[in-house]
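Before any comments, here is the structure.
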Amino acid sequence: MHMKRGLIIWSTGTLLLLAALATLSGNRVFTAPSVAAEGLAGAAILLLCWGFAHLEKRADRTLLQTIGQLGLHAIILGIAVFLLKRQYAEMHTWGGADTGGGPGIGWYVIFAAVVYLAVRVLILIQGLIFVDQGRRTSGLFYLLTAVIVLRIIQTFLTLGSGAEAPGAGWEEEFDFSNATGVLTVLFLIMVVLNGFRCKWIHYLNRQQKIAILFAGIAVNIIAGTAGGSLGGTLSRFSITAGIFVRDIITFYLVYSGMALAGVLLQLPSAGIMDRRMRQIRYLQNLGAELGSIIEKSELLSTSCVLAAKMVKADVTWIEMKTGDGYRLAWSSGLSSQYMEELPADMKKELRTLIDTAKPSLLINNVPRNDVCRQMASDMVRAGSVLAAPLMFKDVLRGYIYAVSHSRFGFSEENRGLFRAFADQIGVALENVQLAQVSIEQEVYREELKLAHDAQMRLLPQTMPAVTGIELDAFCVTANEIGGDFYDIIQVNPERTDIVIGDVSGKGASAAFYMAELKGLVQALAHHHACPVEILTEINGFVKTHFEKDTFVTMIYSMLFHKERRLVLARAGHPPAVRVRRNKTLWLEPAGLGLGLATNDIMRRILKKQELSLVEGDTIVYLTDGLIEARNRAGEEYGEERLRQILLDMDNLPAAEVSERIRNHMQEFIGDMPQHDDVTLFILRLPEDAPNNKERD
Amino acid sequence: MSEFEVTRKDVQDISIVYLKGYLDAHTAPEFETALQQLVDEEKVKIVVNLAELAYISSAGLGVFMGFIEDIRQKGGDIKLAEPTEKVFRVFDLLGFPVLYEIVSKESEAVEKYKKG
């Protein structure tokens, strides 16, 4: 859109300009300028400026391209004006004003080009002024253009009033009898003020500055001598356009002159500026490079190498703080052995010096230095030393040293640079540490999760569909891994074994034991038909293979489908409970935890309990985690609370019972962290199971 | 929650260990250290007073098991005295009364040692 509008404005301006100049060229009476044509020319210039400004927004030039174009335009403008000047002079020689002879149409074309170039020059200078513009930059520039426009209008009005055409020289410009003088002064002030807006100089490097200085002087000499001392030349073609072109030439000469003076003034410091810029860029790159390293030894080695390169050192090394001492962490350029052999006293004194030196410690003549003279004589062959602390947020982590074999091997400037680099290493060290910690935590978490997943896989993934009974279970571990387990074994179509157990202690070892028990139970189920026998066998295994202070509690139960008979034995485990028509019965035959005593004692103590079941009976197996779950007040969930909720749930399906107990417990403990595994297993004989009926 | 304390009183060759608070996986090592010290001192006639023990977990129960065989081999024993109803329930469920003497009075346990 902008582009299109710019083009339309621009072409309209061009057409207007050509029309105006065609009219003017037809008017050969020198003393009687055509008011209409002059007005047309003025309007054309405004449109051209507007159009170019629009188009310029789309132009994507680099700073150097803009400067180059400006120079080129200035030279062409100068030459064109020079040609016009010669024509004007000849015209005077030939016949002067009285003859009424004017320049030919060809010259008007050249004049059009001059106007055109002047507009371009204005727009190009605007581009330079607006580089890094300040708060008032654009205001100042538009004020200048406004003054130029006012000068054109004022000239035009003078024409229209029939007064004598403004002339050629400056004496008329400073005529304070009308607005002309005031506008001229304003114009010159604005030109000078805009001349100060040349921040673009800062973006040139030393070489570019030198090139621009010489090229600029050459261009201005050519443009100045060619286009200077205009006299009334331009007014001869068009008075309004002439004023405009002259103003632009003045503006160009002042602006370029001030800019070149600026370049000249900055030239002596250009080298230092360049180096600073390079150093800043270098440090930025280093920061990025160090920041991407997540391994400590790689960070240290890279730092040593980069530091050596940066200050042109022969040897660099890094010393890290360890507890109360310091340890050589890395060296580059010389075997670390030599640095380690340096006397501890000297190293300590050196550290004190570094701590107080700002920004970093520079010893330029090591052989003459009281503290570190020894470094000159031995293998390190130090001529000069540069050293800085490695800090992060006021915490000292170590020191970095750079040694040059030559005395005065480091400049004053290296001190700041070295410290800046050391600070970056400090930050990078912190990053490395953080990354390390988070990686380790991640690995640990991942391992715990794997263990947890493995353990969960040991529990039945789905409840087997056993004809005539409903089963449901849940197991919530307190830590990632716990010691609770349960299993269902369909020994044969007539018998299903249900086992629930808890390995004492918590964490990984309990989980390992649990895995072993799972295999053992699975194997024993097929060899024995009595739960006491199976538990005794497991006891023997636990007693011999588990830790002395580890024991296992377990309920082993066998459901004989045909007789609807449940036979169970309890090895120290919290009793299971049978719910039948608003009555609960705790199944608590005498028993002993597995691993507590010998098999003989076990066999004597363990008693099996047999009970016949009827439709609607529910058996709830649990682990102590449920009974001992505590709320914020420190109360335990307890057997009584469980009993109450079980009574409320008479005649509900197993899955529903399990779900409700779980919610009830969660509600009870609230936001308290669970401190033990909680496992629940529900066995139910549905009241209306058709399969059950068939069996009867 | 893990407030736990072990104190000890020696009466002649009998040592009485008082447990207070919660004995769980976190506090069990403290109790373990106390028993180990008694074994090191060859003081193997031990009475553990449970009057102020609020809770005992399986890890806490494991501590007794870790020492009992060693102590009995050295001619000593661990007798439990004055458990609260709740703590006794835990011991009872696990079948501890079969393996350990649990008495309602500390003096009773001491007397049993004296009688030999």
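Since every read-out is calculated from the coordinates, none of them should be taken as a lab result. Keep in mind that this is a model prediction, so the values were computed, not measured. When we count neighbours, we look across all protein chains shown, and the Cβ atoms used for this are built from the backbone with ideal geometry, even at glycine.
What is the average number of partner chain Cβ atoms found within 10 Å of a Cβ in A:589-595?
Going residue by residue through A:589-595 and averaging, the value is 4.
Taking A:K347 as the anchor, which aspartates and glutamates have their alpha carbon closer than 14 Å to its alpha carbon, excluding any fewer than eight residues away along the same chain?
Partners within reach: A:E319, A:D355, A:D370.
Provide the gained length on full extension for the span A:E349 to A:R632, in nm with one decimal, where the gain is 0.36 nm per separating residue minus the Cα-Cα distance.
Stretched out fully, the A:E349 to A:R632 stretch lengthens by 96.0 nm.
Need the list of aspartates and glutamates near B:K9 for cross-linking: C-alpha distance under 18 angstrom, and skip anything on the same chain fewer than eight residues off.
Straight-line reach from B:K9, under 18 Å: B:E30, B:E32, B:D40, B:E41, B:E42, B:E52, B:D77, B:E82, B:E106, B:E108, B:E111.
If packing is taken as the mean number of other Cβ atoms within 10 Å per residue, what is the order of A:346-353, A:266-273, highest first?
Highest mean packing first, the order is A:346-353, A:266-273.
Between A:A19 and A:E446, what is 0.36 nm times their sequence separation minus the Cα-Cα distance? Round to one decimal in nm.
145.4 nm is the gain from fully extending A:A19 to A:E446.
Sort A:517-528, A:334-345 for me by packing, meaning the mean count of neighbouring Cβ atoms within 10 Å per residue, highest on top.
By packing density, highest mean first, the sequence is A:517-528, A:334-345.
Can you work out the Karplus-derived ³J(HN,Hα) for every residue in region A:262-272? Use 6.51 cos²θ - 1.76 cosθ + 1.60 with θ = phi - 60°, whole Hz, and x for glycine or proline.
Values per residue, Gly and Pro as x: x, 4, 4, 5, 7, 4, x, 8, 4, x, 5 Hz.
Would you kindly derive the ³J(HN,Hα) couplings of region A:566-576 from the backbone phi angles with the Karplus curve 6.51 cos²θ - 1.76 cosθ + 1.60 (θ = phi - 60°), listing them in order in whole Hz, with x for Gly and Pro?
Taking θ as phi minus 60°, the curve returns 10, 10, 9, 9, 10, 9, x, 7, x, x, 7 Hz for region A:566-576.
Between A:K309 and A:R457, what is the label-point separation in nm under the 7 Å Cα-to-beta-carbon projection?
For the pair A:R457/A:K309, the computed spacing is 4.8 nm.
Taking Cα pairs under 8 Å and at least six residues apart, what relative contact order does chain A come out at, in percent?
8 percent
Tell me, what ³J(HN,Hα) does each residue in region A:642-647 have, in order and in whole Hz, if you take phi through Karplus 6.51 cos²θ - 1.76 cosθ + 1.60 with θ = phi - 60° and put x for Gly and Pro?
5, 4, 4, 5, 5, 5
In Å and whole numbers, how far do the C-alpha atoms of region B:10-92 stretch along each principal axis, longest first?
31, 22, 20
If we count other beta carbons within 10 Å of each Cβ, what is the order of A:F196, A:F546, fewest first?
Exposure proxy ranking, most exposed first: A:F196, A:F546.
For A:E413, what charge total do you get from the other residues with a beta carbon under 11 Å from its beta carbon, if Lys and Arg give +1 and Asp and Glu give -1?
Net charge in that neighbourhood comes out at +2.
When ranked by the protection proxy of mean other Cβ atoms within 10 Å per residue, highest first, what sequence do the peptides A:77-85, A:581-589, A:658-666, A:569-577 form?
Ranking the peptides A:77-85, A:581-589, A:658-666, A:569-577 by packing returns A:569-577, A:77-85, A:658-666, A:581-589.
Sticking to Cα atoms, compute the Rg of region A:585-696 to one decimal and its Dmax as the biggest Cα-Cα distance, whole number, in Å.
Just the Cα atoms of region A:585-696 yield Rg and Dmax of 17.2, 51 Å.
Whose amide H sits under 5 Å from the amide H of A:G572, counting only residues 5 or more places off or on another chain, with H placed in the peptide plane?
The list, which skips near neighbours in sequence, is A:M554, A:G591, A:L592, A:G593.
Taking each residue of B:93-104 in turn, how many C-beta atoms of other protein chains fall within 10 Å of its C-beta, and what is the average?
Across B:93-104, the average partner-chain Cβ count within 10 Å equals 5.
Per-residue ellipticity at 222 nm for the protein assembly as shown, helices alone: DSSP H runs ≥ 4 residues times -39500 (n - 2.57), over residue total, nearest 500 deg cm²/dmol?
-18500 deg cm²/dmol
Considering only Cα-Cα distances, which of the following residue pairs are longer than 27 Å: B:K45/B:K105; A:K608/B:K74; A:K85/A:K199; A:K85/A:K209; A:K543/B:K112; A:K583/B:K79?
A:K608/B:K74; A:K85/A:K199; A:K85/A:K209; A:K543/B:K112; A:K583/B:K79
If you scale each eigenvalue of the Cα gyration tensor by 5 and take the root, what three semi-axes come out for region A:238-306, rounded to whole angstrom and sorted largest first?
Taking √(5λ) for each Cα gyration eigenvalue gives 53, 15, 4 Å.
Once you treat every alpha carbon in region A:421-506 as an equal point and sum by Debye, what is log10 I(q)/I(0) at q = 0.13, 0.25 Å⁻¹?
Debye output, listed in q order: -0.62, -1.20.
Under the rule of at least 5 residues apart or a separate chain, name every residue whose amide H is placed under 5 Å from the amide H of B:V11.
B:I16
Rounded to the nearest 0.05, what FRET efficiency do A:E341 and A:V395 give with R0 = 35 Å and r taken as the Cβ-Cβ distance? Could you check?
The calculated FRET efficiency here is 0.75.
Using only Cα atoms, what is the ratio of the radius of gyration of the protein assembly as shown to 2.2 N^0.38 Å?
That works out to 1.80 for the protein assembly as shown.
Which whole number gives the average, over all residues in B:64-73, of C-beta atoms from other chains lying within 10 Å of the residue C-beta?
Partner-chain Cβ atoms within 10 Å, mean over residues of B:64-73: 2.
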